[in-house]
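Data first, discussion second: the structure below is written as structure tokens.
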RNA sequence: GCUCCCUUCGUCUAGUGGUUAGGACGCUGGCCUCUCACGCCGGUAACAGGGGUUCGAAUCCCCUAGGGAGCGCCA
């Protein structure tokens with residue numbers, strides 16, 4: 001039997017990080033078993049489903065490079081099929097029309113809660129023979145009254161739930177439209193899904209679905225309920241933990257392979273290994289090895305992995321990503337050094353693409369002000385003569401390359417009997433506005449001759465002004 | 001309230017009756033060094049609590065506590 005997994009999000013919001021991990025697990029397991037991964041959009045809730053959400057899901061999946069072998073399928077395209085199954089269920093007396101009003105049901109629920117009971121439909125209409133005038137009935141599934149439902153969950157282990165915990169759930173609304181718990185079962189059956197991998201918020205739905213499945217004569221798939229991902233404080237993931245939507249991580253400058261690696265290690269591991277290539281993940285991942293406990297999302301670790309992958313990233317791709325980022329920051333990447341050189345200088349110094357772009361701004365545009373502390377510490381009168389000297393030497397330099405620049409800076413420092421740092425730091429601040437840049441020779445090479453000389457002049461002027469103000 | 005699920009360093013985790021409880025992120029001391037970063041070496045820190053079972057429990061059982069999920073004409 002070949003494995004078939006599915007990812008079945010509902011398009012009622014963005015694609016969040018927990019959903020993406022579920023999708024990753026589905027995808028990995030299908031790849032690993034040489035099975036099929038299908039994408040299905042559960043859009044039976046017409047009130048809340050939006051085209052924007054569908055768009056966000058598709059974009060998120062594409063960014064994560066989790067390509068479906070089949071689909072996307074849309075439940076709204078399958079309404080006739082659901083109708084057909086519902087009619088069949090009614091015909092076979094496995095489902096029935098319920099004429100209870102919302103008010104009646106709500107009142108009953110209140111009463112049950114007041115009595116400390118679990119609110120459940122009281123099956124008043126289960127054996128009704130007549131209809132009620134003026135009420136469009138809903139359709140309810142006749143859940144078994146006796147016995148219990150048992151399944152061996154691939155991550156949770158054996159779960160047993162007694163049928164008397166379950167009531168006769170609505171499978172079609174009064175307008176005739178089918179509901180979620182029913183549609184999933186029909187879909188998974190029709191699509192021959194062998195492994196249902198989903199969030200563990202569905203555990204409680206599973207026994208109902210199994211009962212419907214049996215009524216339909218289907219075989220149980222393997223269920224794997226993966227625990228939730230919580231925020232860094234152990235609470236449900238929400239806006240205040242930062243980004244929730246996967247697309248926000250793309251915008252943040254996270255690499256998809258870093259996200260995949262981070263997410264696969266949340267709830268799953270292979271000994272002490274932290275770094276997994278796609279090939280390794282596919283070869284090693286097994287849904288049966290996933291942890292039962294929920295885990296907390298830790299941005300710091302994601303960032304660490306991202307930096308790792310930035311260091312490994314192929315130059316041309318990094319250049320492309322950096323350029324996109326610069327463009328989005330309204331910077332013309334043609335006004336500065338080659339992106340290839342920038343990327344090499346910064347790939348060990350940036351945890352995200354956005355950070356890389358921010359650290360390369362002064363290669364392209366002049367900065368407004370010096371970093372206050374940096375200027376205070378390094379742009380001082382003692383450095384003035386050395387700066388003036390190095391400015392003139394550099395102006396005369398024919399070969400504006402790191403090697404020659406390095407030699408010139410070193411020679412200047414020696415002439416002034418200063419350690420290299422005493423000169424390098426003032427230059428660094430002069431040229432970048434900050435006290436932290438790549439090595440001074442590389443920095444000067446990247447900033448370029450014209451900007452370097454102009455900025456050294458500016459720094460010298462700044463020192464003079466400072467002296468004038470505080471004689 | 002009821003049902004189900006979960007519980008090893010701050011975080012992600014290894015561990016399946018005998019380990020100095022290991023690794024990673026973070027934090028931190030040092031080395032390297034023109035700054036930052038990278039890299040390297042070292043440190044910090046955990047079995048939720050209580051009962052059993054056993055010669056011996058992080059590992060097995062029970063209870064308690066804490067956390068989560070569900071109880072919709074949402075998915």
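The values are calculated or read from the model by the stated rules, or taken from the named source; none is laboratory data. What you see is a predicted model; the values in this text were computed from it and never measured. Virtual Cβ from ideal backbone geometry, glycine too; neighbours counted across all protein chains shown.
Residue count for the range A:208-232 under the criterion of being free of Cβ contacts under 8 Å to residues at least 60 places away in the same chain and either within 10 Å of RNA strand B (Cβ to nearest atom) or in contact with a helix residue (DSSP H, G or I) (Cβ under 7 Å, 6 or more places away or on another chain) (or both): the result is 4. Of all residues in the range A:170-182, those that are assigned to a loop (DSSP other than H, G, I, E, B) and either near RNA strand B (Cβ under 6 Å from one of its atoms) or modelled with pLDDT of 95 or more (or both) total 3. Look at (1) free of Cβ contacts under 8 Å to residues at least 24 places away in the same chain; (2) in a helix (DSSP H, G or I) and you find that residue A:134 fails only one, number (2). So how many residues does the range A:207-237 have that are within 25 Å of residue A:263 (Cα to Cα) and outside any loop (DSSP other than H, G, I, E, B)? Residues flagged as within 25 Å of residue A:263 (Cα to Cα) and outside any loop (DSSP other than H, G, I, E, B) within the range A:207-237 amount to 8. Counting only strands (runs of 3 or more DSSP E) that sit completely within the range A:1-102, those holding 1 or more residues that are within 15 Å of RNA strand B (Cβ to nearest atom) and under 30 Å from residue A:277 (Cβ atoms) correspond to A:4-7, A:36-41, A:70-74.
Does any residue of the range A:294-308 turn out to be more than 9 Å from RNA strand B (Cβ to nearest atom) and either within 17 Å of the chain's Cα centre (by Cα) or without any contact (Cβ under 8 Å) to a residue 60 or more places away in the chain (or both)? Can you show your working first?
To start, the set of residues in the range A:294-308 that are more than 9 Å from RNA strand B (Cβ to nearest atom) comprises A:306.
Then drop every residue that is not either within 17 Å of the chain's Cα centre (by Cα) or without any contact (Cβ under 8 Å) to a residue 60 or more places away in the chain (or both), which leaves A:306.
Yes, that holds for at least one residue.
Residues in the range A:1-17 that are within 24 Å of residue A:222 (Cβ to Cβ) and surrounded by fewer than 23 Cβ atoms within 10 Å (Cβ to Cβ): how many?
Count: 5.
Which ones in the range A:309-324 are away from RNA strand B (no atom under 12 Å from the Cβ) and in a helix (DSSP H, G or I)?
The first filter runs over the range A:309-324 and keeps only residues away from RNA strand B (no atom under 12 Å from the Cβ), leaving A:313-324.
Those that are away from RNA strand B (no atom under 12 Å from the Cβ) and in a helix (DSSP H, G or I): A:315, A:316, A:317, A:318, A:319, A:320, A:321, A:322, A:323, A:324.
Yes or no: residue A:140 part of a loop (DSSP other than H, G, I, E, B) and more than 23 Å from residue A:27 (Cβ to Cβ)? Before you say what the answer is, go through the steps one by one.
Details: part of a loop (DSSP other than H, G, I, E, B): no; more than 23 Å from residue A:27 (Cβ to Cβ): yes.
No: the conditions fail for residue A:140.
Residue count for the range A:103-123 under the criterion of being within 22 Å of residue A:177 (Cα to Cα) and away from RNA strand B (no atom under 11 Å from the Cβ): the result is 1. Residue A:450 meets each of the listed conditions (1) surrounded by fewer than 21 Cβ atoms within 10 Å (Cβ to Cβ); (2) touching a residue at least 12 places away in the same chain (Cβ under 8 Å) apart from (2).
One residue stands out in the range A:405-440 among those that are closer than 19 Å to residue A:363 by Cβ, without any contact (Cβ under 8 Å) to a residue 40 or more places away in the chain and part of a helix (DSSP H, G or I): the one that is farthest from the chain's Cα centre (by Cα), namely A:409.
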